[in-house]
Amino acid sequence: MTLKLQDLTQVLQETTRRGVGTHRWQHPVYKHFLPPCNHACPAGEDIQGWLALAQSGAHEQAWHALVNNNPMPATHGRACYHPCETACNRGELDSAVSIHAVERFLGDLAVEKGWSVSTAAPTGKRVLVVGAGPAGLSCAYHLARLGHGVEIHDAGERPGGMMQYGIPAYRLPREPLEREIARITTMPGVSLHCGRRIEDVVHAKAEGGFDAVFVGVGAQLANHLHIPSGDGYKMVDAISLLSDVSQGKRPLLGRRVAIVGGGNVAMDAARTAERLGATETVLIFRYDEAHMEAHKSEADEAFAEGTKIRWLSVIDQFGADGITVEKVSMNPDGSVTPTGEVEHLSADAVVLAVGQHSDLSLLHRLPDIQVKHDGTVTVDATMMTAHAGIFAGGDCIGGARTMTAATGHGKQAARAIDAYLQGKTYQHPESHPLVGFGMLHLPDFMDAAPHAQTERPPQERQGFEEITAGLTEQAARREAQRCLSCGNCFECDNCFAACPEQAITRLGPGQGYEVSMDLCTGCAACFEQCPCHAIEMEPEPTMGGTAASLAPAGFKLRA
């Protein structure tokens with residue numbers, strides 16, 4: 001019998017190796033991913049989106065993209081703790097993009113140019129917003145853009161909440177704050193009423209004929225701590241101190257001031273005391289450095305200005321000889337145990353910065369609204385309380401008590417209220433997958449140091465003038481260009497240039513690319529050359545258990 005030999009190389013390779021022969025087993029798909037900066041932003045900003053516009057010099061478009069989510073960029077660019085920068089993938093290369101600096105630049109430019117936003121046609125619906133802090137102002141802004149009438153009531157003489165009465169002017173000057181607030185309160189359909197405390201939300205809703213209510217009263221009542229003290233010794237709470245100073249008062253604290261606490265408010269109180277004439281400020285904190293509650297940037301600024309801190313310490317007494325401080329030890333469960341080791345420190349005043357809570361007496365006629373043991377209101381996923389039509393957000397619902405988190409709450413509540421007024425339930429759109437640094441393809445990149453904002457040296461910080469100056473137009477644009485555009489195509493043409501089959505076609509500026517499946521072999525060269533991971537390789541649909549054939553007789557040639 002004659003044995004006929006056959007070359008089995010093709011069959012062998014197709015059954016043991018992928019990416020060879022006339023069968024494609026995968027193909028590229030352009031996708032959108034969620035950048036870590038967007039994911040970390042409590043206000044839900046599309047940071048990568050507005051940075052892309054800012055780096056091209058389209059500043060007004062960038063501002064509009066920014067204020068689609070956050071109505072006060074000049075304010076947040078100054079006083080937000082920018083968790084977006086902590087999450088920034090660029091930090092794995094050299095240093096994070098100075099997102100807050102570019103945001104401030106856009107916000108200041110908008111104030112200077114008088115840019116404004118459009119609003120939808122009036123819907124005839126009216127919403128009561130209680131509180132003109134970041135949550136209430138954000139909610140009012142987004143509701144007005146949707147066409148709803150909004151009436152804001154605030155107990156304070158001026159709007160802004162803790163932005164106005166809590167954050168010191170050296171961090172947040174009042175002029176840009178007030179101009180951004182004015183942009184919101186002068187929108188069509190919005191009215192502001194300061195000096196009006198809502199005592200009963202049920203009565204206010206019925207009397208005003210409102211269709212819904214948003215409660216954003218903030219946390220402006222200081223917690224207290226019992227420290228035995230003699231008569232006449234000055235003990236104040238940090239919230240009252242910061243409020244008094246913001247209103248132009250100058251309390252006399254003396255030369256030596258002790259601040260109880262280790263959070264952001266404690267840092268602000270210490271720095272404020274120094275500006276009021278104190279020559280020595282010391283923080284008394286019951287935990288160790290690893291458990292410090294203040295953001296590192298805030299603590300670093302306070303320490304640079306001369307504030308000292310006593311870790312694992314509590315005040316036992318305040319009297320004529322100053323304060324008696326006792327050392328404590330931390331237990332595994334987070335509690336502390338006194339050690340009996342004490343020392344005496346000179347102090348003319350003690351400032352308590354041990355937290356704050358909300359005044360929720362306006363909800364007293366609504367027993368169905370649950371107030372938790374920590375004094376915060378329970379809300380569902382749509383920010384609505386257990387009472388239909390009454391929503392809440394900001395510090396009064398707990399969580400991260402920052403102005404940016406409150407701004408995000410206001411936006412979420414506005415969208416939920418809009419759906420409620422239409423007889424619907426708001427459904428948050430599904431998020432894209434998060435893109436981490438390990439998913440980027442950066443074989444070649446250029447170091448680009450951040451453009452730091454200039455600051456007053458610590459020794460020159462005597463008053464309440466702003467410490468940090470903003471970026472120039474050129475510096476802001478260059479800083480925006482440091483963005484890696486994580487997870488979103490920025491049309492660098494790497495894929496177009498890398499494709500060996502010329503299967504990728506440009507669709508024009510802003511339109512991206514198209515892959516011809518008649519020409520694509522699934523080699524993944526485009527995927528490997530995409531720096532921002534905007535391409536995914538997906539398995540080829542099988543036909544009878546076999547990968548789809550590229551063409552009946554080899555590869556198609558481009559005409």
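The values are calculated or read from the model by the stated rules, or taken from the named source; none is laboratory data. Since this is a predicted model, take the numbers as computed values, not measurements. Every residue, glycine as well, gets a Cβ built from its backbone with ideal geometry; the counts of neighbours run over all protein chains shown. Just the protein is used for accessible areas: all its heavy atoms, side chains included, with ligands, DNA and RNA removed. Shrake-Rupley method; radii C 1.70, N 1.55, O 1.52, S 1.80 Å.
For K424, a cut-off of 24 angstrom between C-alpha atoms picks up these lysines, skipping any fewer than 8 places away in its own chain: K125, K205, K411. 3J(HN,Hα) couplings calculated from phi for the range 339-354 with the Karplus curve 6.51 cos²θ - 1.76 cosθ + 1.60 (θ = phi - 60°) are, in sequence order, 9, x, 8, 10, 8, 10, 10, 6, 7, 8, 8, 10, 10, 9, 10, 10 Hz; Gly and Pro show x. A Cβ-based charge dipole, computed about the Cα centre of the range 114-206 with Lys and Arg at +1 and Asp and Glu at -1, lands at about 180 debye.
Kindly express, to the nearest 10 degrees and within the range 0 to 90, the angle between helix 264-275's C-alpha long axis and the longest C-alpha principal axis of the chain. For helix 264-275, the angle is close to 50 degrees. Residues Y426, Y233, Y165, ordered by accessible area of protein heavy atoms at a 1.4 angstrom probe radius and largest first, appear as Y233, Y426, Y165.
As an exercise, identify the GluC sites (Glu not before Pro) in the range 192-276 lying in DSSP coil whose Cβ has no more than 12 other Cβ atoms within 10 Å. Loop-located and lightly packed - E199. Think of the chain as a dipole: +1 on every Lys or Arg Cβ, -1 on every Asp or Glu Cβ, centred on the Cα centre; then among A79, S240, L109, L109 lies furthest on the positive end. Counting only heavy atoms of the protein chains and using a 1.4 Å probe, D418 has close to 30 Å² of accessible surface.
Taking the longest Cα principal axis of the chain as reference, the axis of helix 134-145 is set at about 50 degrees.
Please enumerate, by chain and number, the aspartates and glutamates with C-alpha under 19 Å from the C-alpha of K372, excluding those fewer than 8 residues away in the same chain. K372 reaches D359, D380, D395. Charge tally for G398 (other residues, Cβ to Cβ under 11 Å; Lys, Arg +1; Asp, Glu -1): 0. Would you indicate which of (i) 143; (ii) 227; (iii) 168 is the value of volume of the Cα convex hull per residue in Å³ derived from the coordinates of this structure? Correct label is (ii).
In percent, what relative contact order does the range 403-518 have, based on Cα pairs under 8 Å that are 6 or more apart in sequence? Relative contact order for the range 403-518 comes out at 14 percent.
Ordering G216, T468, H32 by Cα displacement along the dipole of the chain toward the positive end leaves H32 in first place; charges were set at the Cβ atoms of Lys, Arg (+1) and Asp, Glu (-1).
Counting pairwise Cα distances across the range 112-224, what percent come out greater than 23 angstrom?
Summing the P(r) of the range 112-224 above 23 Å gives 29 percent of all pairs.
To the nearest 10 degrees, how steeply does helix 174-185 sit against the main Cα axis of the chain, on a 0 to 90 scale? It is inclined by approximately 70 degrees. In a DSSP loop and with at most 16 other Cβ atoms within 10 Å, the trypsin sites (Lys or Arg not before Pro) in the range 103-188 are R171.
When only Cα pairs under 8 Å and 6 or more residues apart are kept, what is the percent relative contact order across the range 228-382?
Once divided by the residue count of the range 228-382, the mean separation gives 26 percent.
For the chain, the share of DSSP beta bridges that are antiparallel, to the nearest 5, is 45%. Remark: the range 322-481 carries a charge dipole of roughly 620 debye about the Cα centre, counting +1 on each Lys and Arg Cβ and -1 on each Asp and Glu Cβ. Each Lys or Arg adds one and each Asp or Glu subtracts one; over the other residues with Cβ under 15 Å from the Cβ of P188, this totals +3.
The lysines whose alpha-carbon is closer than 22 Å to the alpha-carbon of K296, local same-chain residues fewer than 8 away aside, are K308.
Could you work out what % of the accessible surface of the chain is carbon and sulfur, using a 1.4 angstrom probe and leaving DNA, RNA and ligands out of the count? That share works out to 51 percent. Placing +1 on the Cβ of every Lys and Arg and -1 on the Cβ of every Asp and Glu, with nothing else charged, gives the chain a dipole about its Cα centre of roughly 1020 debye.
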